[in-house]
Amino acid sequence: MNSRVVHIITGLNDGGAEGVLFRLCLNSTNNRHIVISLMDKGKYGPLLEDAGVSVYYLGMNPGRPSIKRFLKLVSLIRSEEPDAVQTWMYHADLLGGLAAKFAGVRKIVWGIRHSTLEKGKAKNSTIAIARLCAVLSRFVPEKIVCCADKALSVHRDVGYAARKLLVIPNGYDLSKFMVDEQSGSQVRASLGISPETFLLGKVGRYDPFKDHDNLLSALYELQLSGIDFKCLLVGRGLTTENSELIARINELRLTDRVILAGQRTDIPAVMNALDLHVLSSSSEGFPNVLAEAMACGTPAVSTDVGDAGEIVGDPALLCPPRNPKALSELMLAMHAEWLERPDDWAERRIRCVEHIKTNFSIERMVAAYEQCWFGD
């Protein structure tokens, strides 16, 4: 098989959907992949080009669609003669799906990444486009891939064609996200964190939905329990230049506990450095960082958002969102096991790795997409 798949995505910046697209193109070697970004190169454009993938950039403003660029998109799709078109996220589902239809493509597959369409949790424009897509879902795509069960149920409820919806969980490169104690030790040493210190951490940009305030409030509760710990925060906006964040850390007297590392490119090493990854979000679809941490043998606890429960594989590791007390109790229980029952902790780490290998490998994801595009 050497079928041609055209992917249409809103942009190629650093995000979950963009990362999945990148991994899919690199690992689906039975097919030729062509990527069209409605916007610009972002982070992944050059990486895709370096890997030999043809990438086009249309320079659109998704908020103000251009007829000229839309017609260029139709022409591009027609010239590539794809066997299938896979779109990613709402703007690309709408514009890419319609363009593929105009270009005469029969096999069009949409991609959904959101699991929240509530006012106040999603932009009004996003909700409006999703509702328009719900109407068009009966006519444009052959199938609609959701990244999580929660995303499927939310979109079914707002009117997407239920018979076309299916779930393909994200897959991870387990040659990259793997147990590597040496790299973890190097990260800890570079930050001045001793091997004996219980190191909590959260990887994820500073964003209202990531709810860092929930985590900080839980850390305040944890500090009151008298245990020794540090917390490493990694992601865009998590630096000393974030005055709002610094003010909150100072208010909760966590200055000596929290380490702000900003954006880093060595996420597998960071995950190996942590003793426990904590997801404190108020809303998620399929939180990649949980699987990435667990693939590195780092246990994770999480708020019960999106498909976090399926990733961690144990409801006892979940707590309600926006409940710092419950989150702190989860962290405290995990610390007790880490400190007092090291054999149990070692077994937990092994189970984490096996759970991700069994359920979320890149091979499994690639096979599912190829079946979706070209299976019966």
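Couple of notes before you dig in:
- Note on region 69-115: Cα Rg divided by 2.2 N^0.38 Å, N the number of residues, gives 1.08.
- Radius 15 Å from Cβ of Asn2, net charge of other residues (Lys, Arg +1; Asp, Glu -1): -2
- Pairs of Lys residues in region 181-359, spaced 8 or more positions apart or belonging to different chains, with C-alpha separations under 20 angstrom: 6 in total.
- Amide proton proximity set for Asp304, modelled H, under 5 Å, gap of 5+: Cys319
- Classification of region 311-363 by its C-alpha gyration tensor yields an oblate form. The axis ratio a/c (a ≥ b ≥ c) is 1.5 or more, and b/c is at least a/b.
- Summarising the amide proton neighbourhood of Val258: residues at separation of 5 or more, or on other chains, whose placed amide H is nearer than 5 Å comprise Cys231.
- Charges were assigned to the Cβ only: +1 to each Lys and Arg, -1 to each Asp and Glu. The resulting dipole of region 181-359 about its Cα centre is roughly 360 debye.
- Scalar couplings 3J(HN,Hα) for region 9-14, obtained by applying the Karplus form with A = 6.51, B = -1.76, C = 1.60 to θ = phi - 60°, are 9, 4, x, 10, 6, 7 Hz; x denotes Gly and Pro.
- The antiparallel fraction among DSSP beta bridges confined to the chain stands at about 0%.
- Residues with amide H under 5 Å from that of Ser361, placed H, sequence gap 5 or more: Tyr172
- Working from label points 7 Å from Cα in the Cα-to-Cβ sense, the Arg236 to Val135 distance is 3.2 nm.
- The Kirkwood hydrodynamic radius of region 1-153, based on inverse pair distances between different Cα atoms, is 15.5 Å.
- Each label point was placed 7 Å from the Cα along the Cα-to-Cβ direction; for Arg64 and Gln186 their separation is 4.7 nm.
- Bridging of Lys164 to aspartates and glutamates at a Cα separation below 17 Å is possible for Asp93, Glu142, Asp149, Glu370, Asp376, once same-chain residues fewer than 8 apart are set aside.
- Inter-part distance, region 333-353 to region 166-193, computed on C-alpha centroids, equals 18 Å.
- Residue by residue, region 202-208 carries 3J(HN,Hα) couplings of 9, 9, x, 4, 6, 7, x Hz when phi is fed to the Karplus relation 6.51 cos²θ - 1.76 cosθ + 1.60 (θ = phi - 60°); x denotes Gly or Pro.
- Reciprocal mean inverse distance between Cα atoms of region 181-359 - Kirkwood radius, Å: 16.0
- Projecting the Cα positions of Ser194, Asn359, Leu327 onto the charge dipole of region 181-359 (unit charges on Cβ atoms of Lys, Arg, Asp and Glu, taken about the Cα centre) puts Ser194 furthest along the positive direction.
- Shown is the FRET efficiency for Glu49 and Lys176, computed with R0 = 25 Å from the Cβ-Cβ distance and rounded to the nearest 0.05: 0.80.
- Diagonalising the gyration tensor over the Cα atoms of the chain and scaling each eigenvalue by 5 before taking the square root yields semi-axes of 38, 21, 19 Å, largest first.
- Surrounding net charge for Ala128, when Lys and Arg each add one and Asp and Glu each subtract one, Cβ distance under 14 Å: +1
- Estimated vicinal HN-Hα couplings, Hz - region 341-351 in sequence order (Karplus 6.51, -1.76, 1.60; Gly, Pro = x): 10, x, 5, 5, 5, 4, 5, 4, 4, 5, 4
Every read-out reported here was derived from the displayed coordinates using simple, explicitly stated rules and does not represent laboratory data. Because the structure is a prediction, the values reported are computed rather than measured. Here Cβ is always computed from backbone atoms with ideal geometry, including for glycine, and neighbour counts include all displayed protein chains.
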